[in-house]
Amino acid sequence: MINEHEILNAGILIVDDQQSNVLLVEEVLRDVGYACIASTNDPYAVCGLFKKNHYDLILLDLQMPGMDGFEVMEGLKGIETDGYLPVLVITAQPEHKLRALRAGAKDFVSKPFDLVEVRTRIHNMLEVRLLYRKLEYYNKVLEQTVLERTAELRESEARFRRLTELSSDWYWEQDEKGRFTKIFGPVLEMLGIRVDDALGKIRDDQGARWNEAEREILEANLAARRPFLDFVYSRIHPDNSRQYLMVSGEPMFDSYGRFTGYRGIGKDVTEKIRPNEESPANQ
C-alpha cells in the first residue's frame, strides 16, 4: 500500500502559462503538505523537464499559446513509453475533457477551481500512480528473481547430471503412468534399447530375455510406489551371456502429496557379479 508520506513527497509539475494560476495551485498543494513541487510557464520545456525528473504527476493547462496541452501530451508519450501518462489536465472548456482523456490524460480539473476537488483528484491520482510504479518495480524484481532462479536451477541440474555420471551409468525419470520422461547417460547405447516416443516405454532391439521373476519384483515396487535401493535384475542375450543391471529409485510427489512418478539411477554391474558366479565357491 501507499502511505501518506509517500504521496506528500511525490514529484509534481505544474504547467500553466498564467503565473497566477501556478501560484494558486502551488499554495493549495503546500497548504496540505506537498513538498516536491515544480512549475513552468513554458509548454516547450515540459518534455525536457519530465525526461530529467520523471514527475509522478503533471498538472497541465490545455489552453496555452504556441503549444497547447494536447501537443505537450503527444510529446510526453514518446518519453513515457509504458503507456501510463501521469497527466491531470486543467481546462475551462467542457468539450476538451473527453478529448483530453482520449489523448492520454488520466483525469481533469475544471476552471474555475474547486479547491476541495483539486486536492482530492491530485491525491487520488498520485496514489494510483505510486501504486503503478510500485507494481512495476515488483514486476522487475520478480522477473530478475525468475532469471536468477532459472540460472541456478540449470547450474544445479548440470552439477547433478555430472554427479550422476560419476556415480552411475544413467539417470531416469518416469511420470505417474510409468512412461519414461527423462534419461541422462548412455544407457540406450549400452543396453541396445530405445524409448518408444509415443508410449514412453522401453523397447529391446537386441532380442534379449529379461528375468521375469526379477522384473515382477521391480514392477511390484513401482506399482506400490515404494523406494528401492541397489535392486539387481538381469537379462540373457541371444548368445546366452547374462547381463546384470542395478537400479535405485524413489517415488516423487507434488506439494499436494499427489504421486507424480519416479526418478532414479542405474548401473551395469555385470563385470562385478560375473566373476563371483564363475569362482570355485559358486561351482
**Item:** Estimated vicinal HN-Hα couplings, Hz - region 22-33 in sequence order (Karplus 6.51, -1.76, 1.60; Gly, Pro = x)
**Value:** 4, 5, 5, 5, 4, 5, 4, 6, 5, 4, 9, x
**Prompt:** Under 30 Å from the Cα of K52, which lysines turn up, not counting those fewer than eight places away in the same chain?
**Reply:** K77, K97, K106, K111, K134, K140
**Message:** Give me a comma-separated list of calculated 3J(HN,Hα) values for region 117-124, in order, Karplus coefficients 6.51, -1.76, 1.60 applied at θ = phi - 60°, integers in Hz, x for any Gly or Pro.
**Reply:** 5, 4, 4, 5, 5, 5, 4, 5
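Can you list the trypsin sites (Lys or Arg not before Pro) in region 203-250 that are in a DSSP coil and have 15 or fewer other beta carbons within 10 angstrom? Intermediate values should be presented prior to the final figure.
Working: sites: R203, R209, R215, R225, R235, R242; in loops: R225.
Loop-located and lightly packed - R225.
At a 10 angstrom cut-off on C-beta neighbours, averaged per residue, how do the peptides 107-116, 135-144, 16-25, 260-269 rank from highest to lowest?
Values: 107-116: 14.0, 135-144: 10.2, 16-25: 16.1, 260-269: 18.6.
So the peptides 107-116, 135-144, 16-25, 260-269, ranked by packing, come out 260-269, 16-25, 107-116, 135-144.
Rg to Rh ratio, region 1-127, alpha-carbon atoms and Kirkwood radius?
On the way: Rg = 13.4 Å, Rh = 14.5 Å.
Over the Cα atoms of region 1-127, Rg/Rh equals 0.92.
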**Asked** Got the relative contact order for the chain handy, in percent, Cα pairs under 8 Å and 6 or more residues apart?
**Response** 11
**Prompt:** How many Å³ per residue does the convex hull of the Cα positions in the chain occupy?
**Reply:** 215
**Prompt:** Counting each DSSP H run of 4 or more residues in the chain as -39500 (n - 2.57), what helix-only mean residue ellipticity at 222 nm follows after dividing by all residues, to the nearest 500 deg cm²/dmol?
**Reply:** -14000 deg cm²/dmol
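FYI, it's all coordinate maths here, none of it is from the lab. These numbers were taken from a predicted model, which means no experiment stands behind them. Because the Cβ atoms are built from the backbone with ideal geometry, glycine has one as well, and the counts that use them run over all protein chains shown.
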